[in-house]
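We did not get these values from a lab; they are worked out from the coordinates using the rules stated. Computed from a predicted model, the values in this text were never measured in an experiment. All Cβ positions, even for glycine, are placed from backbone atoms using ideal geometry, and neighbour counts span all protein chains on display.
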């Protein structure tokens, strides 16, 4: 029998969830072995120290200590994390910012297997420690606009402060990010993914983003001037960006609400 590349521990307080994950992996995942299960962070820490897995299948919402509480206690070691959660919200937004794999409950077979197959490609060459440090730092900061976002760039993953992004521009299936220090970075994610990911006007008090055109998202904090006649914005970097007619009403409402016009 071939040695399986991924050695995983399931950490979840719900026995039903653990059994589901284990059944899927045992039946369908040729690359993964479940080496232990834990129903709490306390039990998990002992198992991780003893067995040294390279993957944690980690439930976020557990009583007494959450999955994040567990991560704060773990030493620097080469392991990866796939988050399992039943809830959307602040924590999941942070996980998405940092480009972690995550699976929503109830666990979908294809999503779990796809995540494991992606992980197999990098299991021996990368680890999630630096990513986890950034994630935990963000979880301690309540203002979402002060968080960092992982950009999958050509040179590797780069972490950018959300408040440093002036605007985003579509380039086919990729996206250019223009930053306050004058740099621009191309990301393999499309603009629609960033529209869902970045904080909206309802979610952030300062740095919030709006798609004003099919190919453009702007950070409202970097608006220098509105030209009503030409229906466009001039941004702090000197860029002129048109407002699509179908976006005009929403854009004007936000400007009025924020006392910007």
**Message:** How many angstrom lie between the Cα centre of segment 194-261 and the Cα centre of segment 26-52?
**Reply:** 47
**Fill in**
Across all Cα atoms of segment 155-257, Rg and the largest Cα-Cα distance (Dmax), in Å, are 13.1, 42
**Message:** Can you give me the convex hull volume of the Cα atoms of segment 88-204, divided per residue and expressed in Å³?
**Reply:** 128
**Complete:** For the chain, the longest principal axis of the Cα atoms and the Cα long axis of helix 15-28 enclose an angle in degrees, to the nearest 10, of 80
**Item:** Volume per residue that the Cα convex hull of the chain spans, once the total is divided by residue count, Å³
**Value:** 143
**Asked** So how many Å³ per residue does the convex hull of the Cα atoms of segment 19-137 work out to?
**Response** 106
**Request:** Taking each pair of different alpha-carbon atoms in segment 123-173 once, compute 1/r for the pair, average those values, and report the inverse of that mean as the Kirkwood hydrodynamic radius in Å to one decimal.
**Result:** 12.7
**Request:** Rank these for me by crowding, 241, 196, going from fewest to most other beta carbons within 10 Å.
**Result:** 196, 241
**Request:** Provide 125, 205 in ascending order of the number of other Cβ atoms located within 10 Å of each residue's Cβ, fewest first.
**Result:** 125, 205
**Asked** For the Cα atoms of the chain, what angle does the longest principal axis make with the long axis of helix 109-122, in degrees from 0 to 90, nearest 10?
**Response** 90
**Prompt:** For the chain, modelled as a Gaussian network with Cα springs under 10 Å, which listed residue fluctuates most, 74, 191, 179?
**Reply:** 74
**Asked** By DSSP, what percent of the beta bridges with both residues in the chain are antiparallel, rounded to the nearest 5?
**Response** 60
**Asked** How large is log10 I(q)/I(0) at q = 0.13, 0.19, 0.21, 0.24 Å⁻¹ when the Debye formula is applied to the Cα atoms of segment 54-120, each weighted equally and without solvent?
**Response** -0.36, -0.78, -0.95, -1.21
**Ratio Rg/Rh, restricted to segment 151-191 and using Cα atoms, in which Rh is the Kirkwood radius** = 0.93
**Item:** Rounded to 10°, Cα long-axis angle of helix 245-257 versus longest principal axis of the chain
**Value:** 90
